[in-house]
1. If I take R0 = 30 Å and measure r between the Cβ atoms of ALA149 and ALA195 in this structure, what FRET efficiency does the formula 1/(1 + (r/R0)^6) give, to the nearest 0.05?
2. Measuring from the lowest to the highest alpha carbon on each principal axis, how far does the chain reach, largest first, in angstroms?
3. Can you give me the relative contact order of the chain as a percent, contacts being Cα pairs under 8 Å and 6 or more apart?
4. Relative to the first principal axis of the alpha-carbon coordinates of the chain, what is the inclination of helix 90-118, with its axis defined by its Cα atoms, in degrees from 0 to 90 and to the nearest 10?
5. Using the Cα gyration tensor of segment 27-74, with a ≥ b ≥ c the square roots of its eigenvalues, what is the shape: rounded (a/c below 1.5), prolate (a/b larger than b/c) or oblate (neither)?
6. Which order do HIS132, HIS176 take by accessible area at a 1.4 Å probe, largest first?
7. As a test of reading the structure, rank SER172, SER33 by solvent-accessible area (1.4 Å probe, protein chains only), most first.
8. Based on DSSP H runs of at least 4 residues, each adding -39500 (n - 2.57), what is the mean residue ellipticity at 222 nm of the chain after dividing by all its residues, to the nearest 500 deg cm²/dmol?
Amino acid sequence: MDGVEVAGRVDGRTARAERTRAAIVEAHLALISEGDLRPTGERIAERAGISLRTLWTNFRDMETLFEASGAEVLRQQDAAYRPISTALPLAKRVDAYCRQRARLLQLITPSARAAQMREPVSEQLHRNRLKHIDRVRDEVEELFAAELARAGRDREQLLNALVAASMWPAWSMLRHGLGLGVDQARAVMARTVGALLAEVAPD
């Protein structure tokens, strides 16, 4: 019986620790979404309703917090993602792809803006960005496999161009640099992606 009680206490502590960590990540992302792009440990702890000591007990430094928050942003993207049929005609695939990219890019915009400020001095934020790139690359390779195959020796160049046109820096230029609305920015992305793929579309 003692073993069961000890296991119960351990499980309870583990569950509380997980809830605390989740609350810290939620507080971190909430502050960023409200425009506090460089929230301090003090502000994160206050928002999460914990002490600063508890924050750093659960996360040894900002890098480990960036890792957990980055994983949560990816989880949110996965939850919002909807598969696109590869059987659709090219024009419909491009339209569906760009509509979804616009929606997901809007979702991550606050965290992407915050990461952009700190990435030059954060290895973890750089790793987080590479995960986003890999996911987009995988999606492009699957959705536009036929067109990429027809590119032959230029396949990798075409793939890189499609990925670059689909990532947040390009989206940020359209939305914040050129001041376009979401629909306008999406239309520009669709025009770019469509033009790239039109070069290898069958006659």
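1. The pair ALA149/ALA195 has a calculated efficiency of 0.95.
2. Result, largest extent first: 74, 44, 28 Å.
3. Here the relative contact order equals 20 percent.
4. With both axes taken from Cα atoms, the answer is about 40 degrees.
5. oblate
6. Working: HIS132 35, HIS176 95 Å².
Listed by decreasing accessible area, they come as HIS176, HIS132.
7. SER33, SER172
8. -25500 deg cm²/dmol
The values are calculated or read from the model by the stated rules, or taken from the named source; none is laboratory data. Remember, predicted model here, so these are calculated numbers, not experimental data. Note that we place each Cβ from the backbone using ideal geometry, even for glycine, and neighbour counts take in every protein chain shown. Keep in mind that these areas ignore ligands, DNA and RNA; they rest on the heavy atoms of the full protein, side chains included. Shrake-Rupley method; radii C 1.70, N 1.55, O 1.52, S 1.80 Å.
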